[in-house]
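Asker: Got a structure for you, written out below as C-alpha cells; questions coming shortly.
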Amino acid sequence: MVETQDLIDAIKARVGKVDKFGYRIVVALTDSDDTITIADGDGGVSVEEGGEEADTTVKLSSDNLQKLIDGKLNPLIAYSTGRLKVEGSQGVALKLVSLLQGDD
C-alpha cells in the first residue's frame, strides 16, 4: 500500500503546471479510508487530503493510483477490469487521468 502523502505529492507534481482544472474530483482509496481532493484553488489546482463533495469520484487502490501516475496501468483497462470505478462524469475522470499521465 502506497502512503497517501506520497500519492498527494505525486499528483501535485503532475497538476502543478495547470492553472485551472474546472472540476472538483475526489479520489477515494479503496484500501484505506483516505480520500484526496483535486480542485481549483488560489493560484492553481490544489491537491489535499480529505474531502467528500465532488463533481466526480474516482475509486481505486493506492497501488493502482501509483501505477496510473507512473504510466504502468492503462486507465481503460483499469476501468474495464473494475480496478478503477467512477461515480459521476466519466469524461471528467478521463480528463484527470490524462493530466496525471502527462509528460514530465
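Just so it is clear, none of the values below were taken in a lab; they were calculated from the coordinates. Here the structure is a predicted model, which is why all the values come from computation and not from measurement. Please note: Cβ atoms are built from the backbone with ideal geometry, for glycine as well, and neighbour counts cover all protein chains shown.
Asker: Would you calculate, for the chain, the mean residue ellipticity at 222 nm contributed by helices, counting each DSSP H stretch of 4 or more residues as -39,500 (n - 2.57) and dividing by all residues, to the nearest 500?
Answerer: -10500 deg cm²/dmol
Asker: Which GluC sites (Glu not before Pro) from segment 36-104 combine a DSSP loop assignment with at most 14 other Cβ atoms within 10 Å?
Answerer: Taking segment 36-104 and a limit of 14 other Cβ atoms within 10 Å, the loop GluC sites (Glu not before Pro) found are 52, 53.
Asker: Calculate the translational D of segment 41-91 in whole µm² s⁻¹ from Stokes-Einstein, where the hydrodynamic radius comes from the Kirkwood formula applied to all Cα pairs, the temperature is 4 °C and the viscosity 1.567 mPa s.
Answerer: Rounded, D is 105 µm²/s.
Asker: Rg (Å, one decimal) plus Dmax (Å, integer) for the alpha carbons of segment 4-100?
Answerer: Every Cα atom of segment 4-100 included, Rg and Dmax give 12.0, 37 Å.
Asker: Here's another thing I want to ask about it. For the pair residue 94 and residue 20, how long in nm is the line joining their label points, each one 7 Å along Cα→Cβ?
Answerer: The answer from the label model is 2.3 nm.
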